[in-house]
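Structure first, then comments.
Throughout, read-outs are computed from the coordinates displayed, never taken from laboratory work. Because the structure is predicted, anything quoted here is derived from the model rather than measured. Neighbour counts run over all protein chains shown; Cβ positions are idealised from the backbone, glycine included.
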């Protein structure tokens, strides 16, 4: 059970917004009423610690005070933020900070505006892509490799097999569950899918073009509403 909870936290972080962790909410016209979600948390950032991949915030909520972590963004002390859900982790150690948090909340989306009820959705990568498509990417597979469109179009035939894919890194999330998480795109698309999630021990930079070899898993359900149509696991960079 503990491993499932850790994995759910990792997926929540990985499937967050691509361009910014803090969600900017447009102001609604005066003629339209905005209804906020009932379980929305209103918090104030009391303290902030930055690492390469995450922003750690000491939050105050009423008379409560607790630590939270989100994908890195430029947070401001004293500013009010909003979120609807988080997953608590006990005795979490940040390697970069060399610090153990007795309790910390991992938040998928932190907003600088009240969150509207009609925009609250279950977080899942099943049947849709959570990362925006980056235009202008054209990457060809290496010899013996597959285009991402071929993987997505014929996922059942690749399930459980070791495959090679080449793509441009559009997002990198380090050191989650003792592994790194990478989003790859090669400019191709099939069945509405264009972004492949890769788990690896390798460290890569956003914008780099890399070739991974790993085991392809399909229709993977981690529970709690977190599902992946396709994910490449135990991957290594090949030259």
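Can you pull the one-decimal nm distance between simple spin-label points at residue 202 and residue 65, each 7 Å off the Cα toward Cβ?
4.5 nm
Could you list 115, 138 so that the one with the fewest beta carbons within 10 Å of its beta carbon is first and the one with the most is last?
In increasing order of surrounding Cβ atoms, one gets 138, 115.
If each residue's Cβ is checked for other Cβ atoms within 10 Å, how do 139, 215 rank with the fewest at the top?
Taking fewest neighbouring Cβ atoms as first place, the list is 215, 139.
Could you tell me the calculated FRET efficiency between residue 99 and residue 39, based on Cβ-Cβ distance and R0 = 25 angstrom, to the nearest 0.05?
For residue 99 and residue 39, the calculated efficiency is 0.30.
Using Cβ counts within 10 Å as a stand-in for footprinting exposure, how do 230, 100, 165, 44 rank, fewest first?
The most exposed by this proxy come first: 100, 44, 230, 165.
Kirkwood hydrodynamic radius, computed over distinct alpha-carbon pairs, for segment 148-237: how many Å, to one decimal?
Kirkwood hydrodynamic radius for segment 148-237: 13.0 Å.
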